[in-house]
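Notes follow the structure.
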Amino acid sequence: ALAWLIFTSLASFAAEPQGKRVRPVGAFDDLPSAATSVFEKVSKSVVIVEALSSDGRIQGSGVVYDSDRSTLGIKIKGDKLFYKEGDKLLNFQLLSYVVSNAHVIKNASSVSVLQGNKRYEADVMYVDDEFDLALLCVDADLLSVSPPFSGAQLKVGERVFAIGSPLCLENSISEGIISGKREQNGVLLLQTTTPISKGSSGGGLFDTKG
């Protein structure tokens, strides 16, 4: 088999015209730019989710989908934020909300969200085992937010990008297409060819617009 591969490779090489190989104009020209653009736009909203239970440590991913950043009456004092209530200056809480998979935090005694070299304790707000969905709340401002998108307008064959943290490798991107659109109990499910490795569960799936 190896000899056959070498032979066919040499035959293909010999059949090519001599001189500089010309790349077809426009062929795949947008591939690097689309992936780069999406990554730069949304990667800061993707976080690592870590759950500790009696079974040990489970690592997954998550996406910051909303935040509570009301700025009414806020005053900055040093590196802390405060808001004024009457004559009192009170500490202002910044909250971030993260979506992940239910199986990542199942039976967890504690859940943390990691972003860069920072770790934040998270509270589990909601769990839906049927659709493998978990919503977390973090007492911190986690930089960027990627609001949820229904996906109803996506077409089969459209390019999509998954961003997660496989094996704790934070913010890794992979590419695929929407390979099918299914409906289950009135809920739209998207089927994709995008590679999803262990540790990426709960990460985001983004279209070319981010």
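The set of residues in the stretch 134-173 that are farther than 16 Å from residue 38 by Cβ, open to solvent by less than 60 Å² (accessible area, probe 1.4 Å) and touching a helix residue (DSSP H, G or I) at 6+ places or on another chain (Cβ under 7 Å) contains only 134.
Looking only at residues that are surrounded by 13 or more Cβ atoms within 10 Å (Cβ to Cβ) and polar (S, T, N, Q) in the stretch 174-190, which one is nearest to the chain's Cα centre (by Cα)? Once the filter is applied, the top-ranked residue is 174. Only one of (1) open to solvent by 20 Å² or more (accessible area, probe 1.4 Å); (2) assigned to a strand (DSSP E or B); (3) closer than 18 Å to residue 58 by Cβ; (4) among the small types (Gly, Ala, Ser) is not met by residue 201, so which one is it? Status for residue 201: all satisfied but (2).
The values are calculated or read from the model by the stated rules, or taken from the named source; none is laboratory data. In this text, all values refer to a predicted model and were calculated from it rather than measured experimentally. Heads up, the Cβs are rebuilt from the backbone with ideal geometry, glycines too, and the neighbour counts pull from every protein chain shown. Quick note on the areas: whole protein, heavy atoms, side chains included, nothing else; ligands and nucleic acids left out. Shrake-Rupley method; radii C 1.70, N 1.55, O 1.52, S 1.80 Å.
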